[in-house]
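Engineer: Quick one: structure below, then a few questions.
The values are calculated or read from the model by the stated rules, or taken from the named source; none is laboratory data. In this text the structure is predicted, and so the values were computed from the model without any measurement. Positions of Cβ are generated from backbone atoms using ideal geometry, with glycine treated the same way; all protein chains shown enter the neighbour counts.
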Amino acid sequence: MEIEYFGGNCLRINTKKATLIVDDNLTELGLKSVTKEGAVALFTADLKPHAADTKLNIDSPGEYEVSGVSVHGIATRAHGDEPKQKSAIIYKITAEDVRLLVTGHIYPELTDPEVEAIGPVDVMVVPVGDSDFTLSGQEALKIVKKVEPRVIIPTYYADKAMKYPGSLQSLEEATTGLAMEVHQKAAKLKVKLAELTDTAQLIVLERQ
């Protein structure tokens, strides 16, 4: 599994048989869409779908199998939801024995049933920009402690090239809140289970 970051919460996940694109609302943030024909598109929130001819659009909870990839969408409370609302979706993506969790803009308190539904996680992608609708580094740390991933990838922090609504924390401020030092910066992450450690590592992916 290979993971690339394009700004916002947008990711491209490549496996041997599939390409998955997560939260491609890049045109609303001042950049070009990266969704191509034949990709599998996932949305953690109510975002406008892209125009590309995708293989499958996933924007609701449930279990999906496509091109050797298992996707489990779990409904949860969004950062701005009332206590009983669940308008956000967490995705657990399993491919090539790697278990990837993409949180999106969720409320920082996962319930025990949600943690149980998530299960073991190797890599977790979590926003850290600290605004009215997204997590801060400290709030993201609460989720990290619940999920216990071996790799954490931060997203959705201040970036002058992005037209975000409102101001966001810098990556440096967010990592202070996470109480972690950056282990590695890279253009992309090729996840190899044999190279993962039991100690959680913070890996920053450069926006492509």
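Engineer: If you go through the stretch 127-139 one residue at a time, do you hit one that is within 17 Å of residue 88 (Cα to Cα) and assigned to a strand (DSSP E or B)?
Structural biologist: Yes, the stretch 127-139 contains at least one residue that is within 17 Å of residue 88 (Cα to Cα) and assigned to a strand (DSSP E or B).
So that you can scan it fast, the table gives a plain yes or no per residue for (1) closer than 20 Å to residue 151 by Cα; (2) part of a loop (DSSP other than H, G, I, E, B); (3) touching a residue at least 60 places away in the same chain (Cβ under 8 Å); (4) in contact with a helix residue (DSSP H, G or I) (Cβ under 8 Å, 6 or more places away or on another chain):
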position: 24; (1), (2), (3), (4): no, yes, no, no
position: 32; (1), (2), (3), (4): no, yes, no, yes
position: 41; (1), (2), (3), (4): no, no, no, no
position: 52; (1), (2), (3), (4): no, yes, no, no
position: 57; (1), (2), (3), (4): no, no, no, no
position: 63; (1), (2), (3), (4): no, no, no, no
position: 80; (1), (2), (3), (4): no, yes, no, no
position: 90; (1), (2), (3), (4): yes, no, no, yes
position: 113; (1), (2), (3), (4): no, no, no, no
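Engineer: While we're here: Among the residues of the stretch 155-173, are any modelled with pLDDT under 95, in contact with a strand residue (DSSP E or B) (Cβ under 8 Å, 6 or more places away or on another chain) and part of a helix (DSSP H, G or I)?
Structural biologist: Looking through the stretch 155-173, none of the residues is modelled with pLDDT under 95, in contact with a strand residue (DSSP E or B) (Cβ under 8 Å, 6 or more places away or on another chain) and part of a helix (DSSP H, G or I).
Engineer: Given the options 102, 71, name the one that is within 14 Å of the chain's Cα centre (by Cα), surrounded by 14 or more Cβ atoms within 10 Å (Cβ to Cβ), of a type outside the set (S, T, N, Q) and closer than 18 Å to residue 130 by Cα.
Structural biologist: From the options 102, 71, the qualifying one is 102.
Engineer: Then there's this: Does residue 31 meet the test of being under 23 Å from residue 156 (Cα atoms) and either surrounded by fewer than 21 Cβ atoms within 10 Å (Cβ to Cβ) or aliphatic (A, V, I, L, M) (or both)?
Structural biologist: Taking the combined requirement at face value, the residue satisfies it.
Engineer: Pairs needed: first member in the stretch 170-199, touching a residue at least 12 places away in the same chain (Cβ under 8 Å) and over 14 Å from residue 123 (Cα atoms); second member anywhere, of a type in the set (Ser, Thr, Tyr) and assigned to a loop (DSSP other than H, G, I, E, B); C-beta distance under 6 Å; at least 6 residues apart or different chains.
Structural biologist: Sorted first by the residue in the stretch 170-199, then by its partner, the pairs are 171/157; 174/157; 177/136.
Engineer: Please tell me if residue 140 is in contact with a strand residue (DSSP E or B) (Cβ under 6 Å, 6 or more places away or on another chain) and touching a residue at least 12 places away in the same chain (Cβ under 8 Å).
Structural biologist: yes
Engineer: Return only the number of the condition from (1) touching a residue at least 24 places away in the same chain (Cβ under 8 Å); (2) surrounded by 14 or more Cβ atoms within 10 Å (Cβ to Cβ); (3) of a type in the set (Lys, Arg) that residue 17 does not satisfy.
Structural biologist: (2)
Engineer: For residue 132, are the conditions met, namely being surrounded by fewer than 16 Cβ atoms within 10 Å (Cβ to Cβ), under 25 Å from residue 168 (Cβ atoms) and either touching a residue at least 24 places away in the same chain (Cβ under 8 Å) or over 13 Å from the mean Cα position of the chain (by Cα) (or both)?
Structural biologist: Against the criterion (surrounded by fewer than 16 Cβ atoms within 10 Å (Cβ to Cβ), under 25 Å from residue 168 (Cβ atoms) and either touching a residue at least 24 places away in the same chain (Cβ under 8 Å) or over 13 Å from the mean Cα position of the chain (by Cα) (or both)), residue 132 qualifies.
Engineer: So, in the stretch 55-68, of the ones that are under 22 Å from residue 106 (Cβ atoms) and of a type in the set (Ser, Thr, Tyr), which residue ends up nearest to the chain's Cα centre (by Cα)?
Structural biologist: Taking the candidates together, the pick is 60.
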